[in-house]
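> Here you go, one structure.
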Amino acid sequence: MAMSSPPERVGRTPPVPASISQRYERMATSLGIRTTLHKLRHYSATELNAAGVDVRAIARRLGHGGGGATTLRVYAAWVSEADQRAAKSLAGRMPPRPRRQGAIELDASAPTPPSA
């Protein structure tokens, strides 16, 4: 997906990356926030992942090649956490398991019989 420049930027020289980083750093400092653009990049990827955005889409936004392999390697802990939340969500939507006829329900407070 190609991103187009706003009409007022067409034909102009693109900004120098260092100047963007410097502007961001000055803005964050003036707000009393200790951060960098690189940390913002990680935050963005983590939030997208937590929101359930497909890893391949996140990888494209970050400029990672390989269909998300790099993204998975860097953000594996968050992917695992999101996967666990997804599993719990699905489990919560499942209908209750039907009880078998003749099944004995054990009372957790009853003593367990000794094993033979």
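> What's the total number of residues in region 35-64 that are part of a loop (DSSP other than H, G, I, E, B), at pLDDT 90 or above and charged (D, E, K, R)?
Total satisfying the criteria: 0.
> Continuing with this model, one more query. Does region 26-57 hold any residues that are among the acidic types (Asp, Glu) and closer than 12 Å to Thr71 by Cα, and which are they?
Looking only at region 26-57, we keep the residues that are among the acidic types (Asp, Glu), and these are 47, 54.
The one that is among the acidic types (Asp, Glu) and closer than 12 Å to Thr71 by Cα: Asp54.
> Let me ask something else about it. Under 6 Å between Cβ atoms, which residue pairs at least 6 apart in sequence (or on different chains) link something in region 60-84 that is within 13 Å of Asn49 (Cα to Cα) with a partner that is modelled with pLDDT under 85 and not hydrophobic (A, V, I, L, M, F, W, C)?
Tyr75/Asn49; Trp78/Asn49; Ala82/Asn49
> Taking region 87-99 as the region of interest, how many residues are modelled with pLDDT under 80 and under 18 Å from Ala50 (Cα atoms)?
The qualifying residues number 0.
> Another question, then. Just wondering, is there one or more residues in region 9-19 that are in a helix (DSSP H, G or I) and at pLDDT below 85?
yes
The values are calculated or read from the model by the stated rules, or taken from the named source; none is laboratory data. Because the structure is a prediction, the values reported are computed rather than measured. Neighbour counts are summed over all protein chains in view; Cβ atoms, including those assigned to glycine, are modelled from backbone coordinates with ideal geometry.
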